[in-house]
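Peer 1: Sharing a structure below in structure tokens format, with a few things to ask.
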Amino acid sequence: MKIFIDTNIFLDVILNRKDAEEATQLLNSCHQKLFDGYLADITLLNIDYIASKQTKNIRDFLHIINQVFTVVGAENEVFDLAFGLDNSDLENSVQYVCASMADCSVIVSNDKKFYRGEIEVLSSIEFMERYLGFSS
């Protein structure tokens, strides 16, 4: 199953935010090849920009992400489609379009305001409960 991971899931883990435990388990399930994990190329840049201010050696983590997950490029067509969505958050729109272009079944995001379209959006906890049998 192809799942798209929103930037905030990675940041939850790196910055040890709320839902970090579930987010870690989710990322580990992709590392163990239980799911095919996808992310947008802008995610790597956003993680580097945000987390490098608070965490050392972020590049090592980014290198691992790049090896484990499939990175979907945000090219002109992606931005054209993202601009056409009824959503004011361009980053989320770009990620949504990348997920769509990669034929992902689910987007995992802990952002309650993440764009809702045809692809199902679940929080890390909801995903873990539904697909890995975890209970909160």
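The values are calculated or read from the model by the stated rules, or taken from the named source; none is laboratory data. Small disclaimer: the values here were computed from a predicted structure and weren't measured. Don't worry about glycine lacking a Cβ; one is built from the backbone with ideal geometry, like all the others, and counts go over all protein chains shown.
Peer 1: Looking at segment 72-99, which of the residues that are within 18 Å of Lys113 (Cβ to Cβ) and of a type in the set (S, T, N, Q) is nearest to the chain's Cα centre (by Cα)?
Peer 2: That would be Gln95.
Peer 1: Could you tell me which residue of segment 15-45 is surrounded by the most Cβ atoms within 10 Å (Cβ to Cβ), considering only residues that are in contact with a Leu (Cβ under 8 Å, 6 or more places away or on another chain) and more than 15 Å from Ile3 (Cα to Cα)?
Peer 2: Leu44
Peer 1: Would you check if there is a residue in segment 70-92 being in contact with a Cys (Cβ under 7 Å, 6 or more places away or on another chain) and surrounded by fewer than 21 Cβ atoms within 10 Å (Cβ to Cβ)? Let's see the steps before the verdict.
Peer 2: Here is the first cut: in segment 70-92, the residues in contact with a Cys (Cβ under 7 Å, 6 or more places away or on another chain) are 72, 74, 78.
So of that shortlist, the ones also surrounded by fewer than 21 Cβ atoms within 10 Å (Cβ to Cβ) come out as 74.
Checked segment 70-92: at least one residue is in contact with a Cys (Cβ under 7 Å, 6 or more places away or on another chain) and surrounded by fewer than 21 Cβ atoms within 10 Å (Cβ to Cβ).
Peer 1: Evaluate the following for Ile125: is it crowded, with 16+ Cβ neighbours inside 10 Å, modelled with pLDDT of 95 or more, closer than 19 Å to Gly37 by Cα and aliphatic (A, V, I, L, M)?
Peer 2: In short, no.
Peer 1: Could you list, in sequence order, the residues of segment 1-18 that are in contact with a strand residue (DSSP E or B) (Cβ under 8 Å, 6 or more places away or on another chain), not hydrophobic (A, V, I, L, M, F, W, C) and not in a loop (DSSP other than H, G, I, E, B)?
Peer 2: Lys2, Thr7
Peer 1: Pairs, please: C-beta under 8 Å, at least 6 apart or cross-chain, first residue touching a residue at least 60 places away in the same chain (Cβ under 8 Å) and in segment 23-39, second among the polar types (S, T, N, Q) and in a strand (DSSP E or B)?
Peer 2: Tyr38/Thr70
Peer 1: Mind listing whichever residues of segment 19-32 are assigned to a loop (DSSP other than H, G, I, E, B) and either on the phi < 0 side of the Ramachandran plot or β-branched (Val, Ile, Thr) (or both)?
Peer 2: Hit for segment 19-32 is Gln32, nothing else.
Peer 1: Does Tyr49 meet the test of being hydroxyl-bearing (Ser, Thr, Tyr) and surrounded by 16 or more Cβ atoms within 10 Å (Cβ to Cβ)?
Peer 2: No.
Peer 1: Moving on. Taking only pairs six or more apart or across chains, which ones have beta-carbon atoms under 8 Å, a first residue in segment 54-78 that is farther than 10 Å from Asp41 by Cα, and a second residue that is in a strand (DSSP E or B) and among the small types (Gly, Ala, Ser)?
Peer 2: Hits for this filter: Val68/Gly37; Phe69/Gly37.
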